[in-house]
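A.B. asks: This is the structure I want to talk about, given as structure tokens.
Bear in mind that the values in this text are calculations on the coordinates, not laboratory data. Not measured: the values here are computed from a predicted model. Heads up, the Cβs are rebuilt from the backbone with ideal geometry, glycines too, and the neighbour counts pull from every protein chain shown.
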Amino acid sequence: MRVTVVDDEKFAIAAADALMARLPAGAPRLGVATGGTPMRLYAELGRRSRGGEIDLSDATLVALDEYVGLDVDDRHSYAAYVRVRIADPLGVPPANILVPQGSREDPEAAAAEFEAVVAGLGVDVQIAGIGSNGHLAFNEPGSPLDSMTRVVGLSEQTRRDNARFFGGRIEAVPRYAITQGLGTICRARSVLLLAAGPAKADALAAALSGPVAADVPASVLQRHPDVTVIADPAAWCKMAS
Ligand code: F6R
């Protein structure tokens, strides 16, 4: 496991450098997390793309998860996040964006189909964040370490954490999501885990230095052979002690 602890102003640069170092040339398959932490990485990639330093327009973007019940055009959907924050700035065409279809009448079927697509494609580098409860994608505590893409219930903690994206209203945060499983995520050739802020300190320490166990889903990354962690000092502080 490679670890870089960097201050806020260098976080995006360190994350983008780490990503580009692991990403194969050509038409890479890039697994993308949503949420707050990777936003500055995506902004940095957009800046490099506009400046001609990188060209990811042939990439295929594979999302980790999607809320059940939100349409792709809903601005809160992860489909919209991937389109607006990642694909558009990088010039990735809509045909190269893969997000679980949370608005399908049968989300279980959508999850199974997504699992098959991701398995067939193979992800080169998976960008991931960590929840304050140790979740990885929307695999909440208790998720089997070998789980596959499926419909899951979101914990109160996760809905509270994500209420900030829904105008602060927890009741507006969907109760269910389709998420890649822990087993699905671990098939990626490389994982880039980003963690920032004091709210992640306990979860990060438990995930990286505690036992590998279902109650800390991100701990499964200890079993992955190629993980890069970019953390800020606040997220890393419990590791150092
Ligand atoms: C997002 C995802 C989540 C987030 C995690 C951290 O696609 O799967 O696991 O990575 O909740 O979110 P932020 O970065 O908003 O703290």
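A.B. asks: Which residue, A195, A112, A172, has the most motion in a Gaussian network model of the chain that connects Cα atoms within less than 10 Å?
C.D. replies: The residue that fluctuates most here is A172.
A.B. asks: If you don't mind, another one. Could you tell me which helices of the chain pass both thresholds, a Cα extent of 20 Å or more along their own axis and a mean Kyte-Doolittle hydropathy of at least -1.0, with helices taken as whole DSSP H runs?
C.D. replies: Those that pass (Cα extent of 20 Å or more, hydropathy at least -1.0) are 8-22, 107-121.
A.B. asks: Suppose R0 equals 35 Å. What FRET efficiency, 1/(1 + (r/R0)^6) with r the Cβ-Cβ distance, do S155 and A119 give to the nearest 0.05? Please list the in-between numbers first.
C.D. replies: Details: r = 27 Å, r/R0 = 0.76.
Once the sixth-power term is evaluated, E becomes 0.85.
A.B. asks: Here is a further query. For S103, S219, what's the fewest-to-most ordering of other Cβ within 10 Å of each Cβ?
C.D. replies: Working: S103 18, S219 22.
Ranking S103, S219 by Cβ neighbours within 10 Å, fewest first, gives S103, S219.
A.B. asks: Suppose a student asked you for the relative contact order of the chain, using Cα pairs under 8 Å spaced at least 6 residues apart; what percent would you report?
C.D. replies: Values: 517 pairs, mean separation 57.9, N = 241.
After rounding, I find 24 percent.
A.B. asks: How big is D for the chain, in µm² s⁻¹ as a whole number, if Stokes-Einstein is applied with the Kirkwood radius of its Cα pairs at 37 °C and 0.692 mPa s? Could the numbers behind the result be given before it?
C.D. replies: Values: Rh = 17.7 Å.
Calculated translational D: 186 µm²/s.
A.B. asks: May I pose another question? Based only on other Cβ atoms within 10 Å, what is the fewest-to-most ordering of E53, E140, E66?
C.D. replies: Working: E53 11, E140 22, E66 29.
If I rank by nearby Cβ atoms, fewest first, I get E53, E140, E66.
A.B. asks: Can you give the calculated 222 nm mean residue ellipticity of the chain, where each DSSP H run of n ≥ 4 adds -39,500 (n - 2.57) and the sum is split over every residue, rounded to the nearest 500 deg cm²/dmol?
C.D. replies: Working: 8 runs with 74 residues, N = 241.
Here the helix-only value at 222 nm equals -9000 deg cm²/dmol.
A.B. asks: Now a separate question. Using Cα-Cα distances under 8 Å and only pairs 6 or more residues apart, what relative contact order does region 1-90 have, in percent? Could you put the intermediate results ahead of the total?
C.D. replies: Details: 86 pairs, mean separation 26.6, N = 90.
Contact order relative to length: 30 percent.
A.B. asks: What is the order of L98, L45, fewest Cβ neighbours within 10 Å to most? Each step should come with its number before you reach the end.
C.D. replies: Values: L98 20, L45 24.
Taking fewest neighbouring Cβ atoms as first place, the list is L98, L45.
A.B. asks: Just to check, using Stokes-Einstein with a Kirkwood Rh over alpha carbon pairs, what's the diffusion coefficient of region 102-241 at 37 °C and 0.692 mPa s in µm²/s? Each step should come with its number before you reach the end.
C.D. replies: Working: Rh = 15.5 Å.
Result for D is 212 µm²/s.
A.B. asks: Between Y176 and A112, what is the spin-label point distance in nm, taking each point 7 Å from the Cα along the Cα→C-beta axis?
C.D. replies: Simple spin-label model gives 1.5 nm for this pair.
A.B. asks: Follow-up question, since we're still on this one. Gap in Å between the Cα centre of region 182-241 and the Cα centre of region 30-67?
C.D. replies: Spelled out, the Cα-based centre of one part sits 20 Å from the other.
A.B. asks: GNM, the chain, Cα, under 10 Å: largest mean-square fluctuation among R187, R160, R40?
C.D. replies: Of the options given, R160 has the highest mean-square fluctuation.
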